[in-house]
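The values are calculated or read from the model by the stated rules, or taken from the named source; none is laboratory data. Because the structure is a prediction, the values reported are computed rather than measured. Neighbour counts are summed over all protein chains in view; Cβ atoms, including those assigned to glycine, are modelled from backbone coordinates with ideal geometry. Surface areas here come from the heavy atoms of the whole protein model, side chains and all, with no ligands, DNA or RNA. Shrake-Rupley method; radii C 1.70, N 1.55, O 1.52, S 1.80 Å.
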Amino acid sequence: MDNTLYPARANLFAQIDRRMEAFVGKLLGLGREEARAVQKGYFHEHGTTLKGLMLSHNVDPYSFLADVHDIDTSVLDRDERLRAALRKLPGRRIVFTNGDRPYAERVLSAVGILDCFEAIHDVHAMDYNPKPDPRAYAGVCAAHGIDPARAFFVDDMAHNLKPAHALGMATAWVNNGSERGDHGHHPDFIDFEMTDLTDWLEELTA
């Protein structure tokens, strides 16, 4: 969802980053730079800052996510083009996000596409084993009756595509400059590459 169903230039993660730094700083009694280093270390090692904080400091995930997702989503614009393109796709559409449902619903509502999706599979549903943990992918398939061989997975983080491809999914990388978006990039597990999902979907469904 993030930086995939809305443009990376909206920079929601800058807001979230600041709130995560503040949370880590308050929790551990660190200054801003030290807190940022810890936060990024957890993000890079575990896929999410939350996972690192849960493992190392027993942080409550609901409290953390409510705090760091308390951001201004008015920076997002409604995307009628994306809405129309999503509506033209056959089959089911499911959001698979390392965020939580309340945040995802706010974002999707701001973009005007919440009702384009039948389900949101969030980090709570993943039992806090976020993408790219293979357990997250097995879990979303089991929970929603997804046949990987008939599924198409889209993400802005290249390394998140590898487990999906291993299951037999077709994959697409939205290469739009997201932080660490190209980390672990390899053409062996990326079937399609684009800079803008809306443009690509419009061409696909034309």
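Compute the Cα gyration tensor for region 14-142, then decide on rounded, prolate or oblate, letting a ≥ b ≥ c be the square roots of its eigenvalues: rounded whenever a/c is under 1.5, prolate when a/b is larger than b/c in the other cases, and oblate in all that remain. The partial results should precede the final answer.
On the way: a/c = 2.72, a/b = 1.57, b/c = 1.73.
The shape class here is oblate.
Want the number for Asp115 to Arg19: 0.36 nm per residue separation, take away the alpha-carbon distance, what's left?
So the chain would gain 31.7 nm between Asp115 and Arg19.
If I model a spin label at Leu204 and Arg93 as a point 7 Å from the Cα along the Cα→Cβ vector, what separation in nanometres do I get?
Result: 1.1 nm between the two label points.
Solvent-accessible area per residue for the chain at a 1.4 Å probe radius, Å²?
50
Carbon and sulfur together cover what percent of the accessible area of the chain at a 1.4 Å probe radius? If you can, show how the numbers build up before the last one.
Working: 5110 of 10220 Å².
In the chain, the share of accessible area belonging to carbon and sulfur is 50 percent.
For region 50-124, rounded, prolate or oblate, judged on the Cα gyration tensor with a ≥ b ≥ c (square roots of eigenvalues), a/c < 1.5 rounded, else prolate if a/b > b/c?
Values: a/c = 3.77, a/b = 1.86, b/c = 2.03.
Since a/c reaches 1.5 but b/c is at least a/b, the shape of region 50-124 is classed as oblate.
On full extension of the chain, what length is gained from Arg9 through His185, given 0.36 nm per residue of separation minus the C-alpha to C-alpha distance?
Here the answer is 61.2 nm.
Using label points projected 7 Å from each Cα along Cα→Cβ, tell me how many nm separate Glu193 and Phe152, to one decimal.
My value for the distance between the label points is 1.9 nm.
Using only the alpha-carbon atoms, how far is helix 134-144 inclined from the longest principal axis of the chain? Give it as 0 to 90 degrees, nearest 10.
60
Can you list residues whose amide H is under 5 Å from Gly99's amide H, if they're 5+ apart or on another chain and H is modeled 1.01 Å from N?
Result for Gly99 returns Val123.
How far is it, in nm, from the label point at Tyr62 to the one at Ala142 when both lie 7 Å from their Cα along the line to the Cβ?
Going from the Tyr62 label point to the Ala142 one covers 2.3 nm.
Mind putting a number on the dipole of the chain about its Cα centre? Charges go on the C-beta only, +1 for Lys and Arg and -1 for Asp and Glu, and I need it in Debye to the nearest 20.
It comes to approximately 260 debye.
Which residues does the label zone of His124 cover in region 1-39, counting backbone N under 19 Å from a point 7 Å along Cα→Cβ?
So the set is 1-2.
What is the list of residues in region 50-67 whose amide nitrogen lies under 19 Å from a point 7 angstrom out from the Cα of Glu34, following Cα to Cβ?
53, 56-58
Give Lys26/Lys131; Lys51/Lys88; Lys40/Lys88 a once-over and call out the pairs whose C-alpha atoms are over 32 Å from each other.
Long pairs (Cα-Cα over 32 Å): Lys51/Lys88; Lys40/Lys88.
How large is the helix-only mean residue ellipticity at 222 nm for the chain, computed as the sum of -39500 (n - 2.57) over DSSP H runs with n ≥ 4, divided by its residue count, in deg cm²/dmol to the nearest 500?
-14000 deg cm²/dmol
So if I place +1 on the C-beta of Lys and Arg and -1 on the C-beta of Asp and Glu, and nothing else carries charge, what would the dipole magnitude of region 1-58 be about its Cα centre? I want it in debye, nearest 20. Please report the intermediate quantities before stating the final value.
Working: 8 positive and 6 negative charges, 27 e Å.
I would put it at about 120 debye.
Quick one: net charge around His159, please, counting Lys, Arg +1 and Asp, Glu -1 for every other residue with C-beta under 12 Å from its C-beta. Working shown, then result.
Details: positive: Lys131, Lys162, Arg180; negative: Asp133, Asp155, Asp156, Asp182.
So the surrounding residues net to -1.
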